[in-house]
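First the structure, in the form of structure tokens, and then the observations on it.
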Amino acid sequence: MTHPAITLPALIAHRGYSAAAPENTLTAVRAAYEAGTTWVELDVQLLGDGTPVIWHDSDVNRCSDGRGELATMTWQQAQCLDVGSWFGDSFTGERMASLEAMLALLNELDMGVNLEIKVNKGRDPIALVDTVMPQVLSALPAERLIVSSFDRTALAHCRHFAPQESLALGVLFGSTPKDWRNQCEAVGAYSIHSHWPRLKRTQADAMRRDGYQILCYTPNDPSAFDSHWTWGVSSAITDEPEAFLRYLGHRRQNG
């Protein structure tokens with residue numbers, strides 16, 4: 001398998017530094033950068049008017065001062081929302097990030113991104129990919145980008161925009177299915193993104209033998225996750241990058 005020459009870090013900050021700032025915001029990405037991480041994981045989906053935004057949920061209820069479904073919202077409406085005060089008073093006034101603004105920030109900071117194509121229930125994966133991929137591929141170099149999804153239709157459609165050697169695709173799994181190998185081969189996957197408590201050592205061994213990078217989400221206790229490094233896991237996608245950095249630093253010192 002030929003893929004982009006990506007140098008994966010041990011740590012990827014989940015939704016930005018989401019333990020320190022409102023998830024999926026420009027501020028969360030800046031916080032991740034300031035904490036010393038070089039890659040972030042982010043979610044992208046479309047508003048009702050077709051604007052691509054960095055957001056996880058199908059609605060804005062949990063992470064803003066408003067209510068409503070993304071599928072019925074315009075960019076103008078979305079920009080009226082405060083998406084920071086729910087997290088803490090010091091983040092009051094934070095606005096939802098457009099994909100365009102986030103890509104500009106990632107380039108400003110020279111950061112890599114694992115961008116999840118987030119296909120929430122009832123949304124169209126093809127429309128999402130058609131909108132997102134041209135912007136992303138024109139903005140970021142291949143060595144700073146992994147595009148991932150739980151949605152196999154989305155991943156297959158992503159592949160139409162770029163071959164294996166110029167686009168790394170990641171297949172997301174909760175519990176690893178028996179046909180994981182077939183699913184990965186079907187899209188020319190670069191990486192497998194596993195829910196870390198459900199990943200078995202025998203599965204990890206097989207994935208590594210087949211040449212896949214393994215990224216685990218979302219471990220937040222570095223000592224509980226520690227044994228997984230010996231399994232050949234490439235990266236931990238964590239809400240707590242500083243806790244992991246401290247732990248790994250101490251382990252190296254005491255090695």
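One table, with the values for the structure above:
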item: Number of positions in segment 200-226 that are closer than 22 Å to residue 16 by Cα, of a type outside the set (Ser, Thr, Tyr) and assigned to a loop (DSSP other than H, G, I, E, B); result: 3
item: Count of residues meeting criterion [closer than 23 Å to residue 4 by Cβ and surrounded by fewer than 22 Cβ atoms within 10 Å (Cβ to Cβ)] in segment 218-250; result: 3
item: Selected residue (criterion: surrounded by the fewest Cβ atoms within 10 Å (Cβ to Cβ)) from residues of segment 157-172 that are among the hydrophobic types (A, V, I, L, M, F, W, C) and out of contact with any strand residue (DSSP E or B) (no Cβ under 7 Å at 6 or more places or on another chain); result: 161
item: Residue list for segment 153-190, restricted to those being touching a residue at least 60 places away in the same chain (Cβ under 8 Å), of a type in the set (Gly, Ala, Ser) and closer than 19 Å to residue 210 by Cβ; result: 168, 188
item: Within segment 1-26, tally of residues that are β-branched (Val, Ile, Thr), closer than 30 Å to residue 252 by Cα and more than 13 Å from the chain's Cα centre (by Cα); result: 2
item: Close pairs (9 angstrom Cβ cut-off, 6 or more residues apart or separate chains): on the phi > 0 side of the Ramachandran plot in segment 116-132, surrounded by fewer than 17 Cβ atoms within 10 Å (Cβ to Cβ) and of a type in the set (S, T, N, Q) anywhere; result: 122/58
item: Test result for residue 119, hydrophobic (A, V, I, L, M, F, W, C), part of a loop (DSSP other than H, G, I, E, B), at pLDDT 95 or above and in contact with a helix residue (DSSP H, G or I) (Cβ under 7 Å, 6 or more places away or on another chain); result: yes
item: Candidates 40, 83 - the one that is of a type in the set (Val, Ile, Thr), buried (at least 16 other Cβ atoms within 10 Å of the Cβ), out of contact with any helix residue (DSSP H, G or I) (no Cβ under 8 Å at 6 or more places or on another chain) and outside any helix (DSSP H, G or I); result: 83
item: Those residues of segment 96-118 which are under 16 Å from the mean Cα position of the chain (by Cα), within 21 Å of residue 77 (Cα to Cα) and among the hydrophobic types (A, V, I, L, M, F, W, C), in sequence order; result: 97, 99, 102
item: Residues being closer than 20 Å to residue 120 by Cβ and either touching a residue at least 40 places away in the same chain (Cβ under 8 Å) or within 14 Å of the chain's Cα centre (by Cα) (or both) - total across segment 29-76; result: 18
item: Residue tally, condition over 21 Å from residue 151 (Cβ atoms), buried (at least 21 other Cβ atoms within 10 Å of the Cβ) and in contact with a strand residue (DSSP E or B) (Cβ under 8 Å, 6 or more places away or on another chain), over segment 61-80; result: 1
item: Selected residue [out of contact with any strand residue (DSSP E or B) (no Cβ under 6 Å at 6 or more places or on another chain), within 27 Å of residue 127 (Cα to Cα) and of a type in the set (A, V, I, L, M, F, W, C)] from 142, 189, 154; result: 142
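The values are calculated or read from the model by the stated rules, or taken from the named source; none is laboratory data. Since we're looking at a predicted model, the values are computed, not measured. A quick note on method: Cβ atoms are made from the backbone with ideal geometry, for glycine too, and the neighbour counts reach across all protein chains shown.
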